[in-house]
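The values are calculated or read from the model by the stated rules, or taken from the named source; none is laboratory data. On a predicted model such as this, the values are computed, not experimentally measured, just so you know. A quick note on method: Cβ atoms are made from the backbone with ideal geometry, for glycine too, and the neighbour counts reach across all protein chains shown. Ligands, DNA and RNA are stripped out before the accessible areas are found, and what is left, the full protein with its side chains, is counted by its heavy atoms. Shrake-Rupley method; radii C 1.70, N 1.55, O 1.52, S 1.80 Å.
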Amino acid sequence: MKLSEALAVSVLLSVVASNAHATTYNLPENGHDNVITQFQDDVPLTRVEQNETLLDVARRFSLGQTEIVRLNPELDRWHIKKNEIVRLANKRILPDTPREGITLNIAEYRLYYYPPVQAGAAPQVISYAHGIGRQDWKTPLGKTHIVRKVKDPAWHPPESIRREHAANGDPLPAIVAPGPHNPLGAYMLHLAVPGGYLIHGTDIDKIYGIGMQITHGCVRMYPEDIEELYRSVPVGTPVHIVKQPIKVGWLDNVFYIEAHPDLEGEETTLEQRVAVALGLIQKANNQAVPEFDPEVLRQALKALDGNPVALFERAPPLPELPKGAARKIGLTEGEG
């Protein structure tokens with residue numbers, strides 16, 4: 001169904017106001033669930049208020065270029081007309097990491113920050129889009145932490161990067177001063193990873209590279225997003241960097257799978273993805289493989305659109321009986 005046709009069933013959809021940056025989710029009430037939802041409707045939309053690019057819309061909702069293009073394959077990313085309807089992301093499955101500090105899932109170009117829980121408030125997670133290292137400058141994986149924070153950093157490009165730029169006819173100085181054309185942007189979080197890897201902002205020339213495999217290994221964020229994150233996280237904050245293109249999880253007794261395209265240079269076959277998915281499904285279901293429609297699984301692993309797909313539903317657990325009630329209805333040990 002085309003987006004223009006989808007508007008005809010607006011009773012099932014919501015048109016979302018376009019005044020957001022980072023996406024804040026309440027964590028599921030059931031601590032064992034790990035699917036988060038921003039909007040009530042499964043297909044949230046936004047109406048464009050002026051002629052612009054699809055990437056301008058992406059920035060307002062902290063979506064990366066790859067993600068918003070994948071959600072809107074029929075639209076011209078460079079020319080969105082006033083009043084056109086753009087589809088947004090909604091549900092996400094949390095990466096399989098501890099719910100602490102920062103998680104970077106480079107396979108989906110997203111960062112998840114778990115802020116400290118405030119007294120009387122629901123636990124939350126805040127998610128941001130980001131860019132990652134390209135095929136020949138991979139972003140490293142593993143657990144690390146923030147060792148330093150710098151506002152208005154100068155950039156000292158490594159000799160290897162200077163040689164690359166020089167070979168392309170774009171020589172770099174030994175030091176790039178802070179300013180609008182500094183690739184580090186206005187804020188930088190230094191990670192305890194050998195080689196000088198950073199989470200940082202971007203210059204005005206590369207603003208549309210967020211959500212792409214485009215950096216020299218660092219994690220690049222929108223200017224407003226890195227500023228918010230910089231002000232929120234202290235030195236010492238743990239950072240988990242993972243690559244999980246296929247994720248599974250529960251929400252209200254419904255089991256979902258979410259699949260993203262392979263990174264450049266790491267292409268897998270459908271059968272390889274099915275094998276990975278079955279292993280994750282089994283792990284999440286006490287080593288059992290429940291009954292589900294295998295075609296639904298295969299379609300999700302073919303589409304690779306990052307949209308969580310429901311695979312099956314389990315019966316909700318029975319409520320606990322009051323103390324002594326089991327004896328009254330004859331369900332004491334050895335009976336039944």
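Dipole magnitude for region 97-244: computed about the Cα centre from +1 point charges on Lys and Arg Cβ and -1 point charges on Asp and Glu Cβ, it is near 400 debye. Taking every alpha-carbon pair under 8 Å whose residues sit at least 6 apart, the chain reaches a relative contact order of 18 percent.
Projected label points at N253 and W137, each 7 Å from Cα along the beta carbon direction, are separated by 5.1 nanometres.
Heavy-atom accessible area per residue, the chain, 1.4 Å probe: how many Å²?
Working: 17370 Å² over 336 residues.
Computed with neighbouring chains in place, this is 52 Å² per residue.
For region 33-177, carbon and sulfur atoms together expose 49% of the accessible surface, with a 1.4 angstrom probe and every protein chain in place. Angle check, please: helix 223-232 long axis (alpha carbons) against the longest principal axis of the chain (alpha carbons), in degrees 0 to 90, nearest 10. The helix 223-232 is inclined about 60 degrees to the chain.
Counting helices only, and only those DSSP H runs with n ≥ 4, report the 222 nm mean residue ellipticity of the chain as the sum of -39,500 (n - 2.57) divided by its residues, in deg cm²/dmol to the nearest 500. Don't jump to the answer; show the numbers that get you there.
Details: 8 runs with 66 residues, N = 336.
Computed mean residue ellipticity for the chain: -5500 deg cm²/dmol.
Indicate the gyration tensor shape class of region 37-98 (rounded, prolate or oblate), computed on the Cα atoms with a ≥ b ≥ c the square roots of the eigenvalues: a/c under 1.5 is rounded; otherwise a/b larger than b/c is prolate and the rest oblate. Present the calculation step by step, with values, prior to reporting the outcome.
Details: a/c = 2.43, a/b = 1.78, b/c = 1.36.
Prolate is the answer for region 37-98, as a/c is 1.5 or above and a/b outweighs b/c.
For the chain, the longest principal axis of the alpha carbon atoms and the long axis of helix 270-284 meet at an angle near 50°. For the chain, the longest principal axis of the alpha carbon atoms and the long axis of helix 294-303 meet at an angle near 10°.
What does the charge dipole of region 206-250 about its Cα centre add up to, to the nearest 20 debye, if the Cβ of each Lys and Arg holds +1 and the Cβ of each Asp and Glu holds -1? Write down the numbers at each step before the final one.
Values: 5 positive and 4 negative charges, 51 e Å.
Here region 206-250 has a charge dipole of around 240 debye.
According to the square roots a ≥ b ≥ c of the eigenvalues of the Cα gyration tensor, what is the shape class of region 43-161, taking rounded for a/c under 1.5, prolate for a/b larger than b/c otherwise, and oblate for the remainder? Oblate. Sorting 188-195, 122-129 by average packing, meaning the other beta carbons within 10 Å per residue, from highest down gives 122-129, 188-195.
Between rounded, prolate and oblate, where does region 190-303 land on the alpha carbon gyration tensor, with a ≥ b ≥ c its root eigenvalues, rounded for a/c under 1.5, else prolate if a/b exceeds b/c?
Numbers: a/c = 2.44, a/b = 1.89, b/c = 1.29.
Prolate shape, in that a/c is at least 1.5 and a/b is the bigger ratio.
Please tell me the relative contact order of region 178-326 in percent, rounded to the nearest whole number, where contacts are Cα pairs under 8 Å and at least six residues apart. Relative contact order here is 18 percent. Dipole of the chain computed with +1 at Lys/Arg Cβ and -1 at Asp/Glu Cβ about the Cα centre; of Q272, A167, V150, farthest Cα towards the positive end is V150. In nm, to one decimal, how far is the F292 label point from the D205 one, both placed 7 Å along Cα→Cβ? Roughly 4.6 nm, to one decimal. Distance from the Cα centroid of region 33-75 to that of region 130-205 is 27 Å (rounded to whole angstrom).
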